[in-house]
1. Report the residue count in segment 684-707 for those that are closer than 24 Å to GLY396 by Cα and either of a type in the set (Val, Ile, Thr) or touching a Gly at 6+ places or on another chain (Cβ under 7 Å) (or both).
2. Condition first: in a strand (DSSP E or B) and in contact with a strand residue (DSSP E or B) (Cβ under 8 Å, 6 or more places away or on another chain). Can you find one or more residues in segment 667-679 that meet it?
3. Grab the strands (runs of 3 or more DSSP E) fully contained in segment 277-334, keeping just those with 3 or more residues being among the polar types (S, T, N, Q) and in contact (Cβ under 8 Å) with a residue 60 or more places away in the chain.
4. Write out, first by first residue and then by second, each pair whose Cβ atoms fall under 7 Å of each other, whose residues are 6+ apart or on separate chains, and whose first residue, in segment 224-242, is under 28 Å from CYS653 (Cα atoms) and open to solvent by 20 Å² or more (accessible area, probe 1.4 Å) while the second is part of a loop (DSSP other than H, G, I, E, B) and of a type outside the set (Ser, Thr, Tyr).
5. Does segment 662-679 hold any residues that are touching a helix residue (DSSP H, G or I) at 6+ places or on another chain (Cβ under 9 Å) and closer than 30 Å to GLY282 by Cβ, and which are they?
6. Being closer than 21 Å to GLN485 by Cα and at pLDDT below 95 narrows it down to one residue among GLY694, GLY625; which is it?
7. Do any strands (runs of 3 or more DSSP E) lying entirely in segment 90-183 carry at least 3 residues that are modelled with pLDDT of 95 or more, more than 30 Å from GLY494 (Cβ to Cβ) and open to solvent by 60 Å² or more (accessible area, probe 1.4 Å), and which ones are they?
8. So in segment 492-509, with the set limited to residues that are outside any loop (DSSP other than H, G, I, E, B) and hydrophobic (A, V, I, L, M, F, W, C), which one is surrounded by the most Cβ atoms within 10 Å (Cβ to Cβ)?
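The values are calculated or read from the model by the stated rules, or taken from the named source; none is laboratory data. Note that the structure is predicted; figures quoted are calculated from it, not measured. Glycine gets a Cβ as well: all are built from the backbone with ideal geometry, and neighbour counts include every protein chain shown. Quick note on the areas: whole protein, heavy atoms, side chains included, nothing else; ligands and nucleic acids left out. Shrake-Rupley method; radii C 1.70, N 1.55, O 1.52, S 1.80 Å.
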Amino acid sequence: MNAPTLSRRGFVAATSASAGGLMLGFHVPAVPQPADNPELNAWVVVQPDDTIVIRIARSEMGQGTLTGLAQLVAEELEADWSKVRTEYPTPGQNLARNRAWGNFSTGGSRGVRESHEYVRKGGAAARMMLVQAAADAWKVPVAECHAATSTITHLPSKRRVRYGQVAAAAAKLAPPADIPLKDPKTWTLAGKPVKRLDTADKLNGRQVYGMDFTLPGMLNAAIRDCPVVGGKLKSFDAAAITSKPGIKQVVRVGDSAVAVVADTWWRAKSALDALPIEWDEGPHAKLSSADVAAMLKAGLDAPEAIVGNQVGNAKDALASAARRIEAVYSYPHQNHATMEVMNATAKITVSATGTPERCEVWTPTQNGEAAFAAAVEASGLPPTKCEVYKIHLGGGFGRRGATDWVRQAVEIAKAMPGTPVKLIWTREEDMLHGFYHPVTMCKLQAGLDEKGQLTALQMRLSGQSIVAGLFPQNMRDGRDPVVFQGLNAGGAEGAFGYAVPNLSIEHAMRNPPVRPGFWRGVNLNHNAIYLECFIDEIAHATQQDPLALRRQLLAHSPKHLAVLNAVAERAGYGKPAAPVKGLAVHRGLAQIMGFGSYVAACAEVSVTSAGELIVHRIVAATDSGHAVNPQQIEAQVEGSFAYGLSAALYGECTLKDGRFQQANFDTYPALLMAQMPKVETIVMPSGGFWGGVGEPTIAVAAPAVLNAIFAATGQRIRELPLKNHSLKRA
């Protein structure tokens, strides 16, 4: 198959559209392959020794997508799981084969739910071709043959053949046109808690991450970007450090950064620390968090706003309500703070005359195609002369969906033609130059009738739009659909579950000059806090039990209600919790729908007389429709709670003089092991749809804990993080 002819500009534009959500239709491409390594289609290679290579286009960053997708392929393939291994195809190969692997982007809890059908068809098609090849060799009808655990059996004669013995012949067959899939009720491998394929290598040290990657003759680079938001690089004095040991070059990178290349990374970093740099701090040199807060506060009462969900007439109902309740909540900027900082290795290969001929990049990325587009654009070479090789991620959480460090690495490599250069950011660089969780505020108003029944609810969100900042082409008549996660009027992604006769959910867009980003859970995080804590406020203000009120309002949302009831029952809600070491234990609830799944949590906490918060246990329930690997779902829930509680307790990035003040884990701490609560996960797939797993449950951790804190102290925390508040009883 010939590579499509596509200009560099056209490719970059097309890939940008893909990053914003373009999905192509399914097909199972096949091309002739060597007999000793026959490819049955883009997803499956069966080797003569029966090793099965399953290609995974999505990125693995600890969430288990690699194993889950392999399970789905192997299920339809009827493969021997012990013989399965995986590999990443490259975005260059994807381009050359007309995007045979579809979307490479891994985010929004879409790794499995967006690709399950076509990867399953890849496995099923491969199985059908293998069975056909065996039937042809035996000269028997296909219907008389049965495949199981990488073996094909001719049922009448009991003859058997292994997949590896017929793979070469199968690879020569045309792919089937009609590819039926198994009913999930008949799964024997998918849906089971099999061990992850990548665990052993992570335990024994064989797993290579981007920071571990090496090439012969490789040099190392450290970089510093202007520390002020929107600032530029004015000048630097390279002569001051070029005589230091190991220094190879000082490189201007873009219009705001400078890098030092050396034989070791520490020498590069040390020289960079000594480099005299002058910055042009630009128009935001005096920007502060107080400025941002004032901007958002103005949006709470601004006359213009985009309406995301409306029922009845909330404004009139509030005006005529017998009683009104009002509260304002806020959520800060937060950094992804991945354990592995941003890094990439880049190499520009040149001809004998010094002309650049090829650009290669090795990097951990959540979006191989976006990284590829960045390499193409930064190198100035056509797409056919570029390639990106994905490496397992040491954490992503949305941060590695961006490509800023890839562009930097390629620009540095261009200054060192023929030599591979590995760029590694410092932790400080990583903290100061992120794509931050959007900062928001929310003003909520409830109207009650004479009996205390909820008649109206208005939510006015004010804050940043990620889509406007990163993918403006995806805005819909000025509306950012991500803003209303969990608050939508129906739909399969994040429906608002409560029945309120008069409802208005609005967004006043206020974009400070800070890069917003998709941070694990995205807008569902703060939307769940705003909604679920305010529902609790309504319950307590009307002297209703928080569970009873939710049940009443969710009576017509059975899946929302089911997960809520599940956590309440498992936690023993309604019965006094047993004291822990003499401390009273209090409970809080939260539920929401996001990323296509229904989730709920019940938190159990104590607050000591000195104001110390202890989160003892969180019971969680998730209905993702289908559960490809229940053990991985449990791990994802536990990990999401660790991440979500870290954010709720400590996560805050503040601005002063245009600079973020949190530069490392001493000022941006994470939850300690000793603080991690016991997590009990209820995996309750109801079937009929495919929801996400990695992001939905993070959203219910904070509101459940905040509601439990109120139950314990009577104190309502409306502004995160918790570290800024005293829980000590007066």
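1. Summing the residues that are closer than 24 Å to GLY396 by Cα and either of a type in the set (Val, Ile, Thr) or touching a Gly at 6+ places or on another chain (Cβ under 7 Å) (or both) in segment 684-707 gives 12.
2. Checking segment 667-679: at least one residue is in a strand (DSSP E or B) and in contact with a strand residue (DSSP E or B) (Cβ under 8 Å, 6 or more places away or on another chain).
3. none
4. ASP225/HIS433; VAL229/LEU287; VAL229/PRO513; VAL229/VAL514; VAL229/GLY658; GLY230/PRO513; LYS232/CYS226; LYS232/ASP255
5. GLN662, ALA663, ASN664, PHE665, THR667, TYR668
6. The conditions single out GLY694.
7. Details: elements: 145-148, 151-154, 159-162.
Answer list for segment 90-183: 159-162.
8. ILE505
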